[in-house]
Ligand SMILES: [Zn+2]
Ligand SMILES: [Zn+2]
């Protein structure tokens, strides 16, 4: 499963679209992973780059990688 909790998440993480270079421009892209903060987020398609950080997978409910923010 390549380190992802489920197939749906793996599919999202492997997102690729011929029409949109940026996931934020693509209505088919639902989840983004921020490598810097190690956070998963739901993409808010409001024309910007907003995400809603999620702690649990919306498909299978698994706990996602814990944010590095504020932790040691
Ligand atoms: Zn999952
Ligand atoms: Zn697209």
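The values are calculated or read from the model by the stated rules, or taken from the named source; none is laboratory data. Small disclaimer: the values here were computed from a predicted structure and weren't measured. FYI the Cβ positions are ideal-geometry reconstructions off the backbone, even for glycines, and counts take in every protein chain you see.
Anything in the range 32-43 that is within 16 Å of ligand 2 (Cβ to nearest atom) and at pLDDT 95 or above? List them, or say none.
43
Any idea which residue in the range 50-64 is modelled with the lowest pLDDT, counting only those that are surrounded by 13 or more Cβ atoms within 10 Å (Cβ to Cβ) and either within 16 Å of ligand 1 (Cβ to nearest atom) or over 19 Å from residue 4 (Cβ atoms) (or both)?
64
So how many residues does the range 1-25 have that are at pLDDT 95 or above, assigned to a loop (DSSP other than H, G, I, E, B) and surrounded by 11 or more Cβ atoms within 10 Å (Cβ to Cβ)?
Count: 3.
Quick one: count up the residues across the range 26-37 that are in a strand (DSSP E or B) and touching a helix residue (DSSP H, G or I) at 6+ places or on another chain (Cβ under 8 Å).
Counting residues in the range 26-37 that are in a strand (DSSP E or B) and touching a helix residue (DSSP H, G or I) at 6+ places or on another chain (Cβ under 8 Å) gives 3.
Which ones in the range 16-41 are away from ligand 1 (no atom under 13 Å from the Cβ), closer than 24 Å to residue 3 by Cβ and either without any contact (Cβ under 8 Å) to a residue 12 or more places away in the chain or touching a strand residue (DSSP E or B) at 6+ places or on another chain (Cβ under 7 Å) (or both)?
Answer for the range 16-41, where residues must be away from ligand 1 (no atom under 13 Å from the Cβ), closer than 24 Å to residue 3 by Cβ and either without any contact (Cβ under 8 Å) to a residue 12 or more places away in the chain or touching a strand residue (DSSP E or B) at 6+ places or on another chain (Cβ under 7 Å) (or both): 16, 22, 23, 24, 26, 29, 32, 34, 35, 36, 39, 41.
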